[in-house]
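The values are calculated or read from the model by the stated rules, or taken from the named source; none is laboratory data. It should be emphasised that the depicted structure is a prediction, and the values quoted were computed from it without experimental measurement. Cβ coordinates were reconstructed from backbone atoms using ideal geometry, including for glycine residues, and neighbour counts include every protein chain displayed. The accessibility values were calculated without ligands, DNA or RNA, using every heavy atom of the protein model including side chains. Shrake-Rupley method; radii C 1.70, N 1.55, O 1.52, S 1.80 Å.
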Amino acid sequence: MSKPKRIIELNPHGIALLSGDEAIALAALHCGVTLGTGYPGTPSTEILETFADLGGNAQWAPNEKVAAEVALGVAFASGRTLLTMKHVGLNVAADVLFTAAYSGVTGGYVLVCADDPGMASSQNEQDTRRYAVAAGVPMLEPSDSQEAYDFTGLAFEISERWQIPVILRVTTRVCHSHSSVHPHRKFTEPLKPGFVRNIPERVMVPAHARPAHRRLRKKLAEIEEWNVENGPNWTIPGSENLGLIASGVAAMHALEAAPEAALLKLGMTHPLPMKLIRDFAANYKRCVAIEEGDPYLNDALRAAGIALEPRLESYRFGELNVNRVRHLLAGGEEPQTTPPRGKPPQLCEGCPHRSTFSVLKELDCIVAGDIGCYTLAAMPPLQAMDTQICMGASIGVGLGMRHTLPEEQARRVVSVIGDSTFLHSGVTGLIEMAYNTPATGHVVIIVDNGITAMTGLQEHPGTGRALDHSRAGRVVPEEIARALGIPNVQVFNPVKELDRFKQELQCALESGMLSVFVARQPCILAFGKIKAYEKAIAETAGDCACAQPVAE
Amino acid sequence: MEAINIKIAGLGGMGVLSASHVLAETLFLAGYDVKKAEVHGMSQRGGSVASDIRFGTRILSPMIPVGEVDFLLALAPEWVDLHRAELRPTGRLLTPDSVAGLANSRSLNVALLGALSRFLLIPETVWHAALAKAFPEKLHASNLAAFQLGREGKGPHLQ
Ligand SMILES: Cc1ncc(C[n+]2csc(CCOP(=O)(O)OP(=O)(O)O)c2C)c(N)n1
Ligand code: SF4
């Protein structure tokens with residue numbers, strides 16, 4: 001643990017006003033987490049940042065899959081690990097999770113996965129509850145910051161008791177809303193790290209995985225039983241006319257929208273405490289599950305034969321709120337309201353991405369794009385990006401188009417990818433380009449603004465600084481491209497060397513030479529901060545040199 | 001006590017988030033149950049930002065239901081029309097006009113908190129404490145001046 005940069009002050013009643021993200025970080029600290037790891041993604045990013053500020057040991061991985069693997073190593077070594085990501089990050093990390101569920105863990109393994117119903121800042125609204133079922137891992141769903149704190153601790157206890165990874169599923173409103181937290185610190189002690197050889201449970205070859213799968217299902221059956229008897233679920237009595245079943249922030253909306261109703265509030269939603277739900281539902285004339293996103297509770301409960309009122313399809317979309325729950329309970333079609341839209345974000349004035357994309361527009365390129373601030377170049381006035389799907393997709397999609405389009409069009413295709421995104425999942429795309437080269441060649445432009453800007457200016461392997469901005473190893477994108485044997489690798493300043501960049505790009509498009517261009521100029525929001533971090537690094541390095549006795 | 005609902009709206013970079021932080025902190029220090037909800041994440045400047053702050057004896061949903069906003073603090077006139085429908089019939093609107101005479105437009109957010117403070121029964125010292133906690137020391141004097149200007153302003157702008 002390093003020296004804390006921040007201390008959470010409690011009021012005289014021992015309470016602090018915290019966001020859900022901060023509450024998770026504080027609980028992780030109180031649980032004695034050995035290592036926090038993850039990849040930035042709104043709304044999960046502040047968890048590891050806060051954990052580090054509070055003195056915890058945290059680091060950004062290049063992507064979620066690597067983070068999930070590092071975390072697994074920690075848990076195999078009996079340490080406690082907090083793994084954080086946004087919902088789409090779990091698509092990247094899923095390969096680890098599905099088999100880690102079989103192998104199991106020794107130290108507590110808690111995966112915090114932040115869903116974004118309504119897509120405040122995401123490319124889809126996938127529902128992590130489906131992953132918990134598919135991978136066969138227990139899942140807890142806090143509804144406010146107090147539960148975010150409590151359930152983080154509980155997740156470690158469940159993980160260690162049943163030796164299984166646990167998902168803590170949060171949503172934008174839980175992560176980014178502030179509410180009272182009484183941090184009671186009553187958590188079990190962590191184990192002592194150390195290596196214990198256990199080849200049958202740690203090496204998932206078929207002969208070992210077959211019994212492991214059976215073990216997993218047995219654990220889940222036990223956990224369901226525990227969830228019925230002792231799980232973090234509570235009931236509020238109410239009118240016999242209406243019983244509501246809800247979890248997460250939806251339970252808060254439900255309580256406010258229908259104060260007269262009875263409520264079964266579920267804290268652990270996988271495995272579901274089916275007996276508890278069945279007994280509850282039997283008491284009410286009308287029973288409704290209030291949930292955001294997929295009809296997860298609706299499907300599971302109805303499949304179990306519980307008489308639940310069917311949910312209208314319109315409630316699958318977007319976030320719930322008190323008004324929508326009132327409509328849902330009133331019945332009938334949901335009125336179509338358009339929430340106030342306001343002004344969409346734009347690339348900052350003076351953003352280096354602006355000049356890069358102005359050249360692509362001028363040259364009438366077909367742009368296979370990627371995710372980051374630069375995706376805003378797809379919006380008016382630039383409208384200089386033609387595709388964007390998921391992190392890293394720009395290179396593969398660009399190559400596919402090159403393989404398929406008529407030659408005149410194929411020659412105009414470029415892939416554009418951010419620096420953080422390139423190191424996250426662009427490197428394998430570049431390997432594909434070096435391996436299955438299109439007949440017309442290809443051009444990849446790495447827009448390197450020296451930071452992960454989109455999610456709030458996080459470090460990444462290319463910055464040479466760690467999560468807490470201290471010195472770390474540095475990975476240089478152009479060196480990766482050269483090592484792959486790409487013949488034309490050049491670095492430009494997209495603002496100061498605009499003309500040269502344009503000429504070289506034109507030349508590469510015409511000649512069909514495989515090219516990687518790095519457009520390097522810092523993000524203007526990060527510029528001052530980067531200077532300050534580097535200055536601090538230089539000063540500490542200086543201190544060390546002075547403190548060292550000089551050997552002669 | 002029924003929940004009291006305050007919405008602060010404006011553009012990124014105008015200080016919506018710092019104002020809502022100070023307000024939530026003030027209400028928390030004053031002993032209320034407080035919830036604050038905001039959607040943030042994108043770094044870029046210039047998009048719309050809004051924050052919901054609710055306080056009372058027990059707050060449930062962190063988001064203010066449509067039509068139940070008691071006070072709307074709009075950091076720019078454009079945000080009045082955008083959010084007007086969310087106000088209660090008795091709701092109050094506080095706009096840059098409510099704090100005429102502000103020397104530095106950068107402290108508009110704090111001045112509007114001053115204007116709001118006239119309607120909330122919270123000791124002035126609590127506001128001062130929250131402001132001092134939220135901002136670096138070099139801004140304390142100008143913030144106090146802006147807060148005071150809003151607090152002493154000429155009557156509410158009922159619209
Ligand atoms: C799998 C996955 N993880 C995380 C995110 C969230 N996210 C979107 S873009 C981005 C990184 C952007 O950084 P960079 O590529 O450097 O572009 P910049 O925003 O700096 O222009 C992240 C972390 C995501 N969309 N998908
Ligand atoms: S935050 Fe940085 S990268 Fe993003 S739009 Fe602004 S200047 Fe560009």
Condition first: facing chain A (nearest Cβ under 9 Å), open to solvent by 20 Å² or more (accessible area, probe 1.4 Å) and not acidic (Asp, Glu). Can you find one or more residues in region B:90-105 that meet it?
no
Enumerate the pairs (first residue in region B:71-84 and more than 10 Å from chain A (Cβ to nearest Cβ); second residue anywhere and among the aliphatic types (A, V, I, L, M) and in a loop (DSSP other than H, G, I, E, B)) with beta-carbon separation below 6 Å, excluding pairs fewer than 6 apart on the same chain, so at least 6 apart or on different chains.
B:LEU75/B:MET14
Can we say A:LEU320 is in contact with a Phe, Trp or Tyr (Cβ under 7 Å, 6 or more places away or on another chain), open to solvent by less than 70 Å² (accessible area, probe 1.4 Å) and either modelled with pLDDT of 95 or more or within 13 Å of chain B (Cβ to nearest Cβ) (or both)?
no
So is A:ASN436 open to solvent by less than 20 Å² (accessible area, probe 1.4 Å) and either closer than 25 Å to A:VAL397 by Cβ or within 11 Å of ligand 1 (Cβ to nearest atom) (or both) or not?
no
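When you check A:VAL203 against the structure, is it of a type in the set (A, V, I, L, M, F, W, C), surrounded by fewer than 14 Cβ atoms within 10 Å (Cβ to Cβ) and touching a helix residue (DSSP H, G or I) at 6+ places or on another chain (Cβ under 9 Å), yes or no? Step through it out loud before you land on a result.
Working: of a type in the set (A, V, I, L, M, F, W, C): yes; surrounded by fewer than 14 Cβ atoms within 10 Å (Cβ to Cβ): yes; touching a helix residue (DSSP H, G or I) at 6+ places or on another chain (Cβ under 9 Å): yes.
In short, yes.
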Identify the residue in region A:345-359 that is away from ligand 1 (no atom under 12 Å from the Cβ) and outside any helix (DSSP H, G or I) and, among all such residues, is nearest to A:LEU509 (Cα to Cα).
A:GLY350
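Let me confirm something: among A:SER145, A:SER122, which residue is at pLDDT below 95 and either within 16 Å of ligand 1 (Cβ to nearest atom) or of a type outside the set (Lys, Arg) (or both)? Steps first, please.
Details: A:SER145 fails: at pLDDT below 95.
Step by step, each of A:SER145, A:SER122 is checked, and only A:SER122 is at pLDDT below 95 and either within 16 Å of ligand 1 (Cβ to nearest atom) or of a type outside the set (Lys, Arg) (or both).
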Pair list, Cβ under 7 Å, 6 or more apart: region A:61-87 residue open to solvent by 40 Å² or more (accessible area, probe 1.4 Å), other residue within 16 Å of ligand 1 (Cβ to nearest atom) and not small (Gly, Ala, Ser)
A:PRO62/A:LEU423; A:PRO62/A:HIS424; A:PRO62/A:PRO461; A:LYS65/A:VAL92; A:LYS65/A:ASP95; A:LYS65/A:VAL96; A:GLU69/A:VAL96; A:VAL70/A:THR37
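A quick yes/no check of all residues on (1) touching a Cys at 6+ places or on another chain (Cβ under 9 Å); (2) open to solvent by less than 20 Å² (accessible area, probe 1.4 Å); (3) under 17 Å from A:TYR296 (Cβ atoms); (4) not acidic (Asp, Glu):
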site	(1), (2), (3), (4)
A:MET119	no, no, no, yes
A:ASP127	no, yes, yes, no
A:ALA148	yes, yes, no, yes
A:GLY153	yes, yes, no, yes
A:SER159	no, yes, no, yes
A:GLN163	no, no, no, yes
A:HIS176	no, yes, no, yes
A:VAL181	no, yes, no, yes
Between A:THR463, A:THR421, A:THR440, which is part of a loop (DSSP other than H, G, I, E, B) and closer than 25 Å to A:ALA58 by Cα?
A:THR463
Going by what's in this entry, would A:ILE431 be described as part of a strand (DSSP E or B), closer than 16 Å to A:GLU478 by Cβ and in contact (Cβ under 8 Å) with a residue 24 or more places away in the chain?
no
Among the residues of region A:331-353, write down those that are within 20 Å of B:GLY13 (Cα to Cα), away from ligand 2 (no atom under 16 Å from the Cβ) and open to solvent by 40 Å² or more (accessible area, probe 1.4 Å).
A:PRO340, A:ARG341
Count - residues of region A:360-379 that are of a type in the set (A, V, I, L, M, F, W, C), in contact (Cβ under 8 Å) with a residue 40 or more places away in the chain and assigned to a loop (DSSP other than H, G, I, E, B)
3
Per the list (1) crowded, with 19+ Cβ neighbours inside 10 Å; (2) part of a helix (DSSP H, G or I); (3) within 16 Å of ligand 2 (Cβ to nearest atom), residue check on A:MET385 breaks on (2)
Is it the case that region A:472-494 has a residue that's more than 15 Å from ligand 2 (Cβ to nearest atom), closer than 29 Å to A:ASN57 by Cβ and surrounded by 24 or more Cβ atoms within 10 Å (Cβ to Cβ)?
yes
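If you go through region B:41-63 one residue at a time, how many are polar (S, T, N, Q), open to solvent by 20 Å² or more (accessible area, probe 1.4 Å) and within 11 Å of chain A (Cβ to nearest Cβ)?
The first filter runs over region B:41-63 and keeps only residues polar (S, T, N, Q), leaving B:43-44, B:48, B:51, B:57, B:61.
Filter once more, so that each one left must be open to solvent by 20 Å² or more (accessible area, probe 1.4 Å): B:43, B:48, B:57.
Retained after the next criterion (residues that are within 11 Å of chain A (Cβ to nearest Cβ)): B:43, B:48.
Count: 2.
From the residues in region A:236-256 that are within 34 Å of the chain's Cα centre (by Cα) and more than 12 Å from chain B (Cβ to nearest Cβ), which one is surrounded by the most Cβ atoms within 10 Å (Cβ to Cβ)?
First pass over region A:236-256, keeping only residues within 34 Å of the chain's Cα centre (by Cα): A:236, A:243-256.
Checking the rest, the ones that are also more than 12 Å from chain B (Cβ to nearest Cβ) come to A:243-245, A:247.
Details: A:GLY243: 25, A:LEU244: 26, A:ILE245: 30, A:SER247: 28.
The selected residue is A:ILE245.
Within the bounds of region B:84-103, is there any residue that is out of contact with any Lys or Arg (no Cβ under 7 Å at 6 or more places or on another chain) and closer than 30 Å to A:PRO40 by Cα?
First pass over region B:84-103, keeping only residues out of contact with any Lys or Arg (no Cβ under 7 Å at 6 or more places or on another chain): B:84-85, B:87-103.
Remaining after also requiring closer than 30 Å to A:PRO40 by Cα: none.
No - not one qualifying residue is present in region B:84-103.
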Among the residues of region A:452-497, count how many are closer than 27 Å to A:ASP116 by Cα and either within 15 Å of ligand 1 (Cβ to nearest atom) or without any contact (Cβ under 8 Å) to a residue 12 or more places away in the chain (or both).
11
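Among A:GLY450, A:GLY462, which is within 14 Å of chain B (Cβ to nearest Cβ), under 23 Å from the mean Cα position of the chain (by Cα), crowded, with 18+ Cβ neighbours inside 10 Å and farther than 26 Å from A:ILE366 by Cβ?
Selected residue: A:GLY450, the only one of A:GLY450, A:GLY462 that is within 14 Å of chain B (Cβ to nearest Cβ), under 23 Å from the mean Cα position of the chain (by Cα), crowded, with 18+ Cβ neighbours inside 10 Å and farther than 26 Å from A:ILE366 by Cβ.
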Verdict on A:THR375 being within 14 Å of chain B (Cβ to nearest Cβ) and either closer than 22 Å to A:GLU459 by Cβ or more than 14 Å from ligand 2 (Cβ to nearest atom) (or both):
yes
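Would you mind finding the one in B:VAL66, B:VAL110 that is among the hydrophobic types (A, V, I, L, M, F, W, C), touching a residue at least 24 places away in the same chain (Cβ under 8 Å) and surrounded by 14 or more Cβ atoms within 10 Å (Cβ to Cβ)?
Details: B:VAL66 fails: touching a residue at least 24 places away in the same chain (Cβ under 8 Å).
Selected residue: B:VAL110, the only one of B:VAL66, B:VAL110 that is among the hydrophobic types (A, V, I, L, M, F, W, C), touching a residue at least 24 places away in the same chain (Cβ under 8 Å) and surrounded by 14 or more Cβ atoms within 10 Å (Cβ to Cβ).
Pick from A:ASP144, A:ASP95: which is in the same structural domain as A:PHE187 (by TED's automatic domain parsing) and free of Cβ contacts under 8 Å to residues at least 60 places away in the same chain?
Numbers: A:ASP144 fails: free of Cβ contacts under 8 Å to residues at least 60 places away in the same chain.
Only one candidate passes the filter, namely A:ASP95.
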